[in-house]
Amino acid sequence: MRKYSRQRELILNYLKGTTAHPTAEQIYADLKPENPALSLSTIYRNLNLLSEYGVIQKLTTGEHGDRFDADTREHSHFICSGCHQVMDVFSSLLDEKELVKALGDNCEVLQHKLYLYGVCSACNAGKKEIN
């Protein structure tokens, strides 16, 4: 990776301290008050660099901007269509034998990203109370 950067370390430590999967804008809003020299472009540049080097995961979930995750272990993500919360899912949802059958014997899966879209339990509970 490139030489040491205080801003990069600040961003990485922020991500390591949360499971919220924040957007670049959320990271900027949280870090800016204590770091007045920090710019949004610095946040984006460092997030892209950290992602490119595999230090963090960049989650392109469709709407509401990219999200970022410091947990690089293989796992999936659940995105709530109500509150837009992103949650980690540590489960082997893809059956290796089924994949081999679907793809054929000559294919080898090296990596996967699985996004599950739905309504979280908090949003579901809110719907039931309204009805």
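The residue list Ser39, Ser5 contains one member that is small (Gly, Ala, Ser) and at pLDDT 95 or above, which is Ser39.
Can you tell me which residue within the range 76-86, out of those that are hydrophobic (A, V, I, L, M, F, W, C) and without any contact (Cβ under 8 Å) to a residue 60 or more places away in the chain, is nearest to Tyr44 (Cα to Cα)? Once the filter is applied, the top-ranked residue is Ile79. Restricting attention to the range 1-31, which residues are open to solvent by less than 70 Å² (accessible area, probe 1.4 Å), farther than 24 Å from Arg73 by Cβ and either free of Cβ contacts under 8 Å to residues at least 12 places away in the same chain or among the basic types (Lys, Arg) (or both)? Matches in the range 1-31: Ala29 only. The sole residue among Leu99, Leu93 that is in a loop (DSSP other than H, G, I, E, B) and either open to solvent by 40 Å² or more (accessible area, probe 1.4 Å) or modelled with pLDDT of 95 or more (or both) is Leu93.
Selection of the range 102-127 for residues being assigned to a strand (DSSP E or B), within 28 Å of Val55 (Cβ to Cβ) and of a type outside the set (A, V, I, L, M) yields Tyr115, Tyr117. Residues in the range 74-90 that are at pLDDT 90 or above and of a type in the set (D, E, K, R): Asp88 only. Residues in the range 41-75 that are in contact (Cβ under 8 Å) with a residue 24 or more places away in the chain, closer than 21 Å to Val109 by Cβ and open to solvent by 70 Å² or more (accessible area, probe 1.4 Å): Glu74 alone. Given the structure, is Glu34 farther than 22 Å from Tyr115 by Cα, open to solvent by 20 Å² or more (accessible area, probe 1.4 Å) and acidic (Asp, Glu)? Yes.
The values are calculated or read from the model by the stated rules, or taken from the named source; none is laboratory data. As the structure is a computational prediction, the values presented were derived from the model and not from experiment. All Cβ positions, even for glycine, are placed from backbone atoms using ideal geometry, and neighbour counts span all protein chains on display. The accessibility values were calculated without ligands, DNA or RNA, using every heavy atom of the protein model including side chains. Shrake-Rupley method; radii C 1.70, N 1.55, O 1.52, S 1.80 Å.
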